[in-house]
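Novice: For reference, the structure I am asking about is given below.
The values are calculated or read from the model by the stated rules, or taken from the named source; none is laboratory data. This is a predicted model, so every value here is computed, not measured. So basically every Cβ, Gly included, is an ideal-geometry build from the backbone, and we count neighbours across all protein chains shown.
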Amino acid sequence: MRIESGVLKGLALEAGLEAAGIAPAEPDLEALGRAREQVSRGLKPKWDLKDLEKKFDPCGELAGARTVLVAANCYLESGPETLGKPGQPHGRIARYNWSNYYQDTRERLQQVADRLTCELGSSFRYKISCNGRLAEKPWAARAGVGWYGKHGIITTYELGSWIVIGLLITNLDLEPDRPVAEGCGDCRACLEACPTGAIVEPRVVDNRRCLQWMSSRQMSLPEEVRRIWSDRLYGCTACQDACPLNKKVRPREKRPGYGRVGPSLPLIPILGMNEKAFREKYRGNQMAERWVSFGAIQRNAAVALGNIGDRAAIPALENAVKTSRSPVVREHAAWALERMGGRSG
């Protein structure tokens, strides 16, 4: 079996991935420069300037890397418009988190790697990266899988930006694909749709104002953000929902079972859970990963309940005010109670 660029991309499609491209495994100095500039502006808190080079160099993942197979996995599913019912309020989950599409993408890339190992033997070396230390978006753009949309997410003509990106970093020496032209034109729908104005300029997001970023970090939310939060429990796709290209994408029928939670979860039980029980119940989903603060999840639940206004949540909110170990959770539960006319102390 002779491995050429077209063969490698074909293996990705056979594995159930929906788009693929080839990029050289070279440091992306342009993307590194953009990242440094945004960190220096304070737009990317938690990013360490000392470690940025590692995010943009595939050889840090695989010594002697020559080629990166970039694959896209579409996560758009159809879902109910109405969430929960009176007495059982639900919190909305961002679409990419309905199942663990990152794990699904890794497994499909592993199928490709296993096939190549079978054909090429020990001379073939590889490393899979998906939602890991290495940034995936620069190689998706370099491989022609898509372009940076104005919301900063890789966008394609066929799948919109409803994609998880995975990389198969290899020691194969293959012809790379060419980048595709940016397809957003004059459209500013995503910038205008962002509830907090976090997209400060095309392709530049201020994480400090992004609801997606906030949803995993335990912090006190400003009053105006709490009201904007609506019924979210985890994540935000407001910018993607507004994209004209995204509205044309047909929902897929595949629903990975690993880490499956679906479009919403009941809020009252989450507010009453302890951390161990939560991480066990939703094990495999990104929300249950250790890097996501459990205090942030409970804070999100409290804010969502305050915005929904279902008075069935008052006992759970009162209990959170009295017993939660997190001052952030207590603060936001008290705020939710005040919105519903309950007792906060």
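Novice: Inspect all residues belonging to the stretch 179-198 and state whether any of them is among the acidic types (Asp, Glu) and farther than 30 Å from residue 108 by Cβ.
Specialist: yes
Novice: Okay, next question. State all residues of the stretch 63-93 that are aliphatic (A, V, I, L, M), surrounded by fewer than 20 Cβ atoms within 10 Å (Cβ to Cβ) and touching a residue at least 40 places away in the same chain (Cβ under 8 Å); if no residue qualifies, say none.
Specialist: 76
Novice: Let me ask something else about it. Looking at (1) outside any loop (DSSP other than H, G, I, E, B); (2) surrounded by fewer than 20 Cβ atoms within 10 Å (Cβ to Cβ), which is the only condition residue 290 fails?
Specialist: Single failed check for residue 290: (1).
Novice: Scan (1) assigned to a strand (DSSP E or B); (2) farther than 16 Å from residue 139 by Cα; (3) aliphatic (A, V, I, L, M) for the single condition residue 13 breaks and write down its number.
Specialist: Failing condition for residue 13: (1).
Novice: If you don't mind, there's one more thing I want to ask. Which one of 51, 114, 57 is under 25 Å from residue 208 (Cα atoms), more than 16 Å from the chain's Cα centre (by Cα) and acidic (Asp, Glu)?
Specialist: None of the others qualify; the one that does is 51.
Novice: Quick one: how many residues across the stretch 30-44 are among the small types (Gly, Ala, Ser) and either assigned to a loop (DSSP other than H, G, I, E, B) or buried (at least 16 other Cβ atoms within 10 Å of the Cβ) (or both)?
Specialist: Summing the residues that are among the small types (Gly, Ala, Ser) and either assigned to a loop (DSSP other than H, G, I, E, B) or buried (at least 16 other Cβ atoms within 10 Å of the Cβ) (or both) in the stretch 30-44 gives 3.
Novice: So, in the stretch 236-245, how many residues would count as being surrounded by 15 or more Cβ atoms within 10 Å (Cβ to Cβ) and within 16 Å of the chain's Cα centre (by Cα)?
Specialist: Qualifying residue count for the region: 5.
Novice: Another question about this same structure. If you go through the stretch 234-242 one residue at a time, do you hit one that is touching a Pro at 6+ places or on another chain (Cβ under 8 Å), under 30 Å from residue 187 (Cβ atoms) and among the aliphatic types (A, V, I, L, M)?
Specialist: Among the residues of the stretch 234-242, at least one is touching a Pro at 6+ places or on another chain (Cβ under 8 Å), under 30 Å from residue 187 (Cβ atoms) and among the aliphatic types (A, V, I, L, M), which makes the answer yes.
Novice: Within the stretch 94-105, track down each residue that is farther than 19 Å from residue 233 by Cα and crowded, with 20+ Cβ neighbours inside 10 Å.
Specialist: Result: 102, 104, 105.
Novice: Can you tell me which residue is surrounded by the most Cβ atoms within 10 Å (Cβ to Cβ) among those in the stretch 178-192 that are free of Cβ contacts under 8 Å to residues at least 40 places away in the same chain and of a type outside the set (Asp, Glu)?
Specialist: Checked the stretch 178-192; the qualifying residue surrounded by the most Cβ atoms within 10 Å (Cβ to Cβ) is 184.
Novice: Given (1) of a type in the set (D, E, K, R); (2) at pLDDT 95 or above; (3) not in a loop (DSSP other than H, G, I, E, B), identify the lone condition not met by residue 260.
Specialist: Of (1) of a type in the set (D, E, K, R); (2) at pLDDT 95 or above; (3) not in a loop (DSSP other than H, G, I, E, B), only one is false for residue 260: (3).
Novice: Taking into account only those residues within the stretch 240-257 that are touching a helix residue (DSSP H, G or I) at 6+ places or on another chain (Cβ under 6 Å) and part of a loop (DSSP other than H, G, I, E, B), which is farthest from residue 151 (Cα to Cα)?
Specialist: Only one residue fits best here, namely 256.
Novice: Please enumerate the residues belonging to the stretch 66-84 that are modelled with pLDDT of 95 or more and small (Gly, Ala, Ser).
Specialist: 71, 72
Novice: If you check 220, 215, 324, which single one turns out to be surrounded by 15 or more Cβ atoms within 10 Å (Cβ to Cβ) and touching a residue at least 60 places away in the same chain (Cβ under 8 Å)?
Specialist: It is 215.
Novice: Separate question: State yes or no: is residue 51 assigned by TED's automatic domain parsing to the domain that holds residue 161, of a type in the set (Asp, Glu), farther than 20 Å from residue 156 by Cβ and free of Cβ contacts under 8 Å to residues at least 12 places away in the same chain?
Specialist: So residue 51 passes the test.
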